[in-house]
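These notes are about the structure you will find just below.
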Amino acid sequence: MNHRQIETDILHLEQVIGRISAEDRIPLSYWRNRVDSIAFTALVPVQQSRMQRINDRLELLEASIGLSCSLV
């Protein structure tokens, strides 16, 4: 994955994860897969911090419905 695509994906996740809820049409498992696929790429420290915040928010949503499937 190239640098521009990683930045685009992180920005998209920051926007979406801040707005979704456990009741949305797209299941949290979809977003978990997206977060994990980016988190496991070679990220610079700033990107790692951003992904950690995204992951933390997603974990809160998952916990609200009894899921615990984070790989990060």
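Overview of results
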quantity	calculated
Residue within the range 10-31 that is of a type outside the set (A, V, I, L, M, F, W, C) and buried (at least 16 other Cβ atoms within 10 Å of the Cβ) present	no
Hits in the range 1-20 (condition: more than 14 Å from Arg57 (Cα to Cα) and either part of a loop (DSSP other than H, G, I, E, B) or aromatic (Phe, Trp, Tyr) (or both))	Met1, Asn2
The range 10-27 residues that are touching a residue at least 12 places away in the same chain (Cβ under 8 Å) and more than 13 Å from Arg53 (Cβ to Cβ), paired with ones that are among the small types (Gly, Ala, Ser) and surrounded by 12 or more Cβ atoms within 10 Å (Cβ to Cβ) (beta carbon under 9 Å, 6 or more apart)	Ser21/Ser64; Ala22/Ser64
Matching residues, the range 1-41, being over 10 Å from the mean Cα position of the chain (by Cα) and β-branched (Val, Ile, Thr)	Ile6, Thr8, Ile20, Ile26, Thr41
Residue check for Asn55: more than 16 Å from Thr8 (Cα to Cα), touching a helix residue (DSSP H, G or I) at 6+ places or on another chain (Cβ under 8 Å) and at pLDDT 95 or above	yes
Qualifying residue in the range 21-44 (condition: in a loop (DSSP other than H, G, I, E, B) and of a type in the set (Lys, Arg))	yes
Residue list for the range 42-72, filter: over 13 Å from the mean Cα position of the chain (by Cα) and either buried (at least 17 other Cβ atoms within 10 Å of the Cβ) or touching a residue at least 24 places away in the same chain (Cβ under 8 Å) (or both)	Leu43, Ser64, Ile65, Leu67
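The values are calculated or read from the model by the stated rules, or taken from the named source; none is laboratory data. Given the structure is predicted, the values throughout are model-derived calculations rather than measurements. Neighbour counts are summed over all protein chains in view; Cβ atoms, including those assigned to glycine, are modelled from backbone coordinates with ideal geometry.
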